[in-house]
Amino acid sequence: MRRYFDNAATSFPKPPGVADAVAAYLRDSGAPAGRGAYRQALDVERIVSRCRSSAARLFGLNDPRRIVFTFNGTDSLNLAIQGVCRSGDHVVSTTWEHNSVLRPLRWLQDHRGVSVTLLEPGPNALIDPAAVRTALRPETRLVAIQQASDVTGAIQPIADIADVVRKHGAYFLVDAAQSAGHIPLDLSATPIDLLACSGHKGLLGPLGTGLLVVGNGVEAELQPLRFGGTGTVSEDDRQPEALPEKYESGNHNVPGLVGLDTSLSWLLDRGLPTIRSHEIELTQQLWDGLSALPGVTLYGGNPGDVPRTGVVSLQLAGFAPQDAAAVLDDHYEIQCRAGLHCAPGVHRTLGTLDSGGTLRLSVGPFTTTEDVDAVIDAIREMAAT
């Protein structure tokens, strides 16, 4: 029996109806969004519009036009980072960011003369808002912070950091790839200028979907990275300035958005507090069971003491992380991810960089207590060999 513990990479299974919605679109419609006035095209436009409205509702937004659809979280982050930063600007971020933040920042340093300050988390794996305040300069244009680590699950004090950034006058970008769909976040109450996430992780949609939330007025400074057909003002060879068309050139991934529309409806019906409670319970069960095993080293702190998502990273004595993952897959049908998780700075801090990273187990809405018991039992057997 397959047991899936790689939800931090992409969620599985998807909610009921997602696969059927995608298949029905491909079988019965196939029409593009915003590219025709015939019935199927108008139906698709309504679905895409409903998906945009559902995403806005999930994040506490009144204006769905501020939801920009992208093709993944990396696409969203690149649009935010490269679209905002200019030559001579300064960016504050952290050593714990995903490469989808670190690599665009490195490119800006090498090719656009942008300077970058990377903060190191404290002993509790959290970024101190006071450290952010100290790092700010007159030329600081952007602060980019991952809300939840994809290695330790540590949840950053985003609201407190947002207040610091807003008072300074810089833009605040939140990488919500590991938190969207897991942690309730009301953007009407938190001064976040840009929020980026994928659609295939906590939002439970298909691969090839993502979104960027563009805060009020940010569109005046956020330059698009792609230019082309939007289905609007086609007589003008200048890119439209209106949201969301300014950033959505080319055809949408309609099959993906049809699936995302269904998954967002499921999330809204279920409620993020319910999902959050379920994942906290499973994470604690996982931590308690694994911490009692000989040869197991856990990273990130007890979920009962440290705010975190449903991610548990570990090393098992006698096994390289990749070998441990292979054994779990081959012998127990348990699927998880091993390695550096595109976050080398986290592993450098944890001391796991040179030993192949960690074995990462990540739960989701459809993970069960039986699944957790099974992975604990499997690792217990491996530890005894």
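The values are calculated or read from the model by the stated rules, or taken from the named source; none is laboratory data. Note that this is a predicted model, so its numbers are computed, not measured. Cβ coordinates were reconstructed from backbone atoms using ideal geometry, including for glycine residues, and neighbour counts include every protein chain displayed. Surface areas here come from the heavy atoms of the whole protein model, side chains and all, with no ligands, DNA or RNA. Shrake-Rupley method; radii C 1.70, N 1.55, O 1.52, S 1.80 Å.
Leaving out ligands and nucleic acids, and using a 1.4 Å probe, what accessible area per residue does region 233-385 come to in Å²?
On the way: 6480 Å² over 153 residues.
Ligands and nucleic acids excluded, the result is 42 Å² per residue.
Overall, the ratio between the Cα radius of gyration of the chain and 2.2 N^0.38 Å, rounded to two decimals, is 1.00. Farthest toward the positive end of the dipole of the chain, out of 119, 374, 153, is the Cα of 119, where the dipole comes from beta carbon charges about the Cα centre. Using a ≥ b ≥ c from the Cα gyration tensor of region 151-241 (square roots of the eigenvalues), is it rounded, prolate or oblate, where a/c under 1.5 gives rounded and otherwise the larger of a/b and b/c decides, a/b for prolate? Since a/c reaches 1.5 but b/c is at least a/b, the shape of region 151-241 is classed as oblate.
Between residue 297 and residue 317, full extension at 0.36 nm per residue minus the direct alpha carbon distance yields a gain of 6.4 nm.
Relative to the longest principal axis of the Cα atoms of the chain, the long axis of helix 272-291 makes an angle of roughly 30 degrees. As a calculated quantity, the FRET efficiency between residue 329 and residue 207 at R0 = 22 Å, using C-beta atoms, amounts to about 0.65. Give me the tail of P(r) for region 234-385 as a percent: Cα-Cα pairs with distance above 24 Å. Of the Cα pairs, 48 percent sit more than 24 Å apart. Extension gain, residue 241-residue 269: 0.36 nm per intervening residue step, less the Cα-Cα distance, totals 6.7 nm. Evaluated at q = 0.22, 0.23 Å⁻¹, the base-10 log of the normalised Debye intensity for region 40-162, with identical point scatterers placed on the Cα atoms, takes the values -1.28, -1.33. Orientation-averaged projection of region 274-336 equals 4.7 nm² [convex hull of Cα atoms, one quarter of hull surface area]. On the protein heavy atoms, probe 1.4 angstrom, tell me the percent of accessible surface of region 314-382 carried by carbon and sulfur. For region 314-382, the apolar C and S fraction of the accessible surface comes to 48 percent.
Mind putting a number on the dipole of region 200-316 about its Cα centre? Charges go on the C-beta only, +1 for Lys and Arg and -1 for Asp and Glu, and I need it in Debye to the nearest 20. Provide the component values of the computation, followed by the final result.
Numbers: 7 positive and 14 negative charges, 93 e Å.
Charge dipole of region 200-316: 440 debye, to the nearest 20.
Gain on full extension, evaluated as 0.36 nm per residue between residue 128 and residue 226 minus their Cα-Cα distance, stands at 31.7 nm. Each Lys or Arg adds one and each Asp or Glu subtracts one; over the other residues with Cβ under 11 Å from the Cβ of residue 83, this totals +1.
Around the Cα centre of the chain, unit charges on the Cβ atoms of Lys, Arg, Asp and Glu (plus for the first two, minus for the last two) sum to a dipole of about 700 debye. Here the 3J(HN,Hα) profile of region 331-347, calculated from phi with Karplus coefficients 6.51, -1.76 and 1.60 at θ = phi - 60°, is 9, 10, 6, 10, 10, 8, 10, 10, x, 9, 6, 6, 9, x, x, 5, 5 Hz, Gly and Pro shown as x. Checking every one of the trypsin sites (Lys or Arg not before Pro) in region 72-176 against DSSP loop status and a limit of 16 other Cβ atoms within 10 Å picks out 86.
The fraction of accessible area contributed by carbon and sulfur in region 1-136 is 53 percent, rounded to a whole number (1.4 Å probe; ligands and nucleic acids excluded). Modelled label positions at residue 284 and residue 189, each set 7 Å beyond Cα in the direction of Cβ, lie 2.2 nm from each other.
Just to confirm, what accessible area per residue do you get for region 50-167 at 1.4 Å probe, in whole Å²? Provide the component values of the computation, followed by the final result.
Values: 4610 Å² over 118 residues.
Result: 39 Å² per residue.
About its Cα centre, how strong a charge dipole does region 61-185 have in debye, to the nearest 20, once Lys and Arg get +1 and Asp and Glu get -1 at the Cβ?
On the way: 11 positive and 12 negative charges, 79 e Å.
In debye, rounded to 20, region 61-185 gives about 380.
Packing, taken as the mean count of other beta carbons within 10 Å per residue, orders the peptides 283-290, 307-314, 199-206 from highest to lowest as 199-206, 307-314, 283-290.
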